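Report on the following structure.
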Amino acid sequence: AQKITQTQPGMFVQEKEAVTLDCTYDTSDQSYGLFWYKQPSSGEMIFLIYQGSYDEQNATEGRYSLNFQKARKSANLVISASQLGDSAMYFCAWATNTGNQFYFGTGTSLTVIP
Amino acid sequence: KAGVTQTPRYLIKTRGQQVTLSCSPISGHRSVSWYQQTPGQGLQFLFEYFSETQRNKGNFPGRFSGRQFSNSRSEMNVSTLELGDSALYLCASSLSVGQETQYFGPGTRLLVL
């Protein structure tokens, strides 16, 4: 089974500062996708950003960017200009190109401090 | 466009009972996947359906089953409930299969007493 590792159980960041959430993965597949989701206390998983393994550019979506280092098998999420509403759990997920089975990391709890 | 909807949102059952959870995907989405989320095990894949066919199944006992209808709506059933089945059950839909972004519903919180 694929292994997705998020080593930061909890992170704190000052409002308006940038923060990086780490994610590493272990796979021998050549074609795969990496996703980040946000889960507020309400429970719903909110899609943030996607990176394909063959994408040469790092993905960006508004204040979210994905620092993709294929050789290191890492896909870190960078949130710029943190807002209080960014406080939530953040999950990294991996998917092969042949199915929709996502493998999730254990998540990072982010707290934004005013 | 309406998002993924799940019913019911909350459920309390007792051990030994069975439960059926429902998921309506985003309009036009043909793939539905189910996940179980618990504090101890995290997010675990249950099943994946596409065009009424189960494509993948996670490592769960046979008490967990599901199906998908011709309108892409999906149901999952858990029979002979155990205390450990208490969890948040999340449904996700996507247009197709293969690295497709999955959009999640609000989940069903199941408590087994």
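A short reminder: the numbers here are calculations on the coordinates, not readings from a lab. Owing to the predicted nature of the structure, the values given are computational and were not obtained by experimental measurement. A quick note on method: Cβ atoms are made from the backbone with ideal geometry, for glycine too, and the neighbour counts reach across all protein chains shown.
Does B:T80 fit the bill of being among the hydroxyl-bearing types (S, T, Y) and touching a Lys or Arg at 6+ places or on another chain (Cβ under 7 Å)? In short, yes.
When A:S65 is tested against the conditions (1) small (G, A, S); (2) in contact (Cβ under 8 Å) with a residue 12 or more places away in the chain; (3) out of contact with any Gly (no Cβ under 8 Å at 6 or more places or on another chain); (4) within 14 Å of chain B (Cβ to nearest Cβ), the lone failure is (4).
Scanning the range B:9-39 for residues that are assigned to a strand (DSSP E or B) and β-branched (V, I, T) turns up B:I12, B:V19, B:T20, B:V32, B:T38. Taking the listed residues B:P61, B:P106, B:P25, B:P39, the one that is without any contact (Cβ under 8 Å) to a residue 12 or more places away in the chain and within 13 Å of chain A (Cβ to nearest Cβ) is B:P39, with no other qualifying. Residue count for the range A:36-92, restricted to those that are surrounded by 15 or more Cβ atoms within 10 Å (Cβ to Cβ) and in contact with a helix residue (DSSP H, G or I) (Cβ under 9 Å, 6 or more places away or on another chain): 2. Considering only residues that are surrounded by 14 or more Cβ atoms within 10 Å (Cβ to Cβ), part of a strand (DSSP E or B) and without any contact (Cβ under 8 Å) to a residue 60 or more places away in the chain, which ones fall in the range B:68-89? Those that are surrounded by 14 or more Cβ atoms within 10 Å (Cβ to Cβ), part of a strand (DSSP E or B) and without any contact (Cβ under 8 Å) to a residue 60 or more places away in the chain: B:Q68, B:S74, B:E75, B:M76, B:A87, B:L88. Under the condition of being more than 11 Å from chain A (Cβ to nearest Cβ) and under 15 Å from the mean Cα position of the chain (by Cα), the residues counted in the range B:7-22 number 8.
Every listed requirement among (1) within 12 Å of chain A (Cβ to nearest Cβ); (2) over 15 Å from the mean Cα position of the chain (by Cα) is met by B:F50 save one, (2).
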